[in-house]
1. For SER257, what accessible area in Å² do you get when you roll a 1.4 Å probe over the heavy atoms of the protein chains, rounding to the nearest 10?
2. When the solvent-accessible surface of protein heavy atoms is calculated with a 1.4 angstrom probe, in what order do LEU282, LEU120 fall, highest first?
3. For VAL115 and LEU192, FRET efficiency with R0 = 25 Å and r from the beta-carbon atoms, rounded to 0.05?
4. Go through VAL115, VAL316 and list them by solvent-accessible area, largest first, probe radius 1.4 Å.
5. When the Kirkwood hydrodynamic radius is evaluated over all pairs of different C-alpha atoms of the range 261-315, what value in angstrom, to one decimal, is obtained?
6. Just reorder TYR243, TYR285 by solvent-accessible area, largest first, 1.4 Å probe, all chains present.
7. Note the full-extension length gain between GLU309 and ARG266 as 0.36 nm times their separation in residues minus their Cα-Cα distance, in nm to one decimal.
8. Could you pull the accessible area for ASP175 with a 1.4 Å probe, rounded to 10 Å²?
Amino acid sequence: MSRSLKEVTQQAVRLHCFLQRTQPLVGYWQLLSTQKYNTQNAGPWRYISCGFPTAGTLSQSEETSPDSLSAPKIKPELLEALRQTAAKNFGKSDIDTSGFEIVAESILKLGFSQVQVKQLLALNPRIAVQPPQKSLPALYMLSLLGLNPSSTLKVLEKCPELFGAKDHQLQSRIDNLQKHGLGEGSLQRVLLQSPQILNLSAKQVNNTVRFLKDKCIFTGQQITEILQTSPNILFEKSEELEYKFQYAYFRMGIKQSEMTKSGLFRVSLEELKQRHIFLERLGFYQTPDKKGQTQIINPKAKDILTTSEDYFLAKVARSSWEEFDIFKKLLSHEEVEKEELESTEWEDEEESEKYSSEEDEGPLQGK
């Protein structure tokens, strides 16, 4: 059995055991007391199965052995840490720890160690005083996606706002991302890189995808590749993306297929222009004519855009860091002067139109 197949098998076994023991997102936790769960009354909760649909196509086993429901042994130090967290952050020291046991068990059953539970508390102290269905949906969804506890912690460290997301929100956003090609494996990698994408609504994601398709004429496969390699594109404004695309397409002569491979959308417009214009003035880059021809062989777009500055200067521009630094300062000064000139010309044009309009009206004729 190949290594990858072994890993898939092991993950399937872990998910099976996880589903057997925790039954995530198919019910809710109910406070045994009728009072509201808060820092004044952290009473015990119990899990009520409702049979709601879960993430993806994962199914639940109808029979669960008593052993599979047994919770990991909770160390007294962990409960004390929960109590201290609640006391420190919410000003309550006389809290019933029975509610903490439910929270701790829910997290431990996902495979987290007791040390990792304390790390989660540091990220989101409300875990200590909120019922699991309010503070733990992100943990369940990330576990169902195949992220291990360490990776889940990294995601939540980068984006602690996910603690406040509801399970149906996360499920809807994940489904939409999968619809656009971020499937098994690629979605996990994207989340480790840019977990903030789970804060984006389906509408926000769909607007960017529609822009890439309609305005930039990328194919569906190219859009999927862009999302997989440059998820930051989902946070950029459409007008900024359009300017960057048009600059690369018309000014540099880069076609869509090369843009996809080059990582164009991973670099800022400023860096794009700096490297391109620097090469152009050195005589190492020419904008192709209408037939796509140049008198020199241009460097590949990926060597211009996504290489380190040391590689770019040594292998592509064949120049020094000092020369490039001076050029960037001069280019910045040029951009400022250009903006000021355009602003002045626009004001002069407006004034001219206003004066012309007054002349057309002519002097008022008295009776």
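The values are calculated or read from the model by the stated rules, or taken from the named source; none is laboratory data. In this text the structure is predicted, and so the values were computed from the model without any measurement. Backbone-built Cβ (ideal geometry, glycine too); neighbour counts: all protein chains shown. Quick note on the areas: whole protein, heavy atoms, side chains included, nothing else; ligands and nucleic acids left out. Shrake-Rupley method; radii C 1.70, N 1.55, O 1.52, S 1.80 Å.
1. The accessible area comes out at roughly 70 Å².
2. LEU282, LEU120
3. On the way: r = 21 Å, r/R0 = 0.83.
For R0 = 25 Å, the calculated efficiency reads 0.75.
4. Numbers: VAL115 100, VAL316 15 Å².
In descending accessible area the options line up as VAL115, VAL316.
5. Working: mean 1/r = 0.0845 Å⁻¹.
For the range 261-315, inverting the mean 1/r across all distinct Cα pairs yields 11.8 Å.
6. Working: TYR243 110, TYR285 15 Å².
My answer, sorted largest first, is TYR243, TYR285.
7. Details: separation 43, 0.36 × 43 = 15.48 nm, distance 1.46 nm.
The GLU309-ARG266 span can extend by a further 14.0 nm.
8. 70
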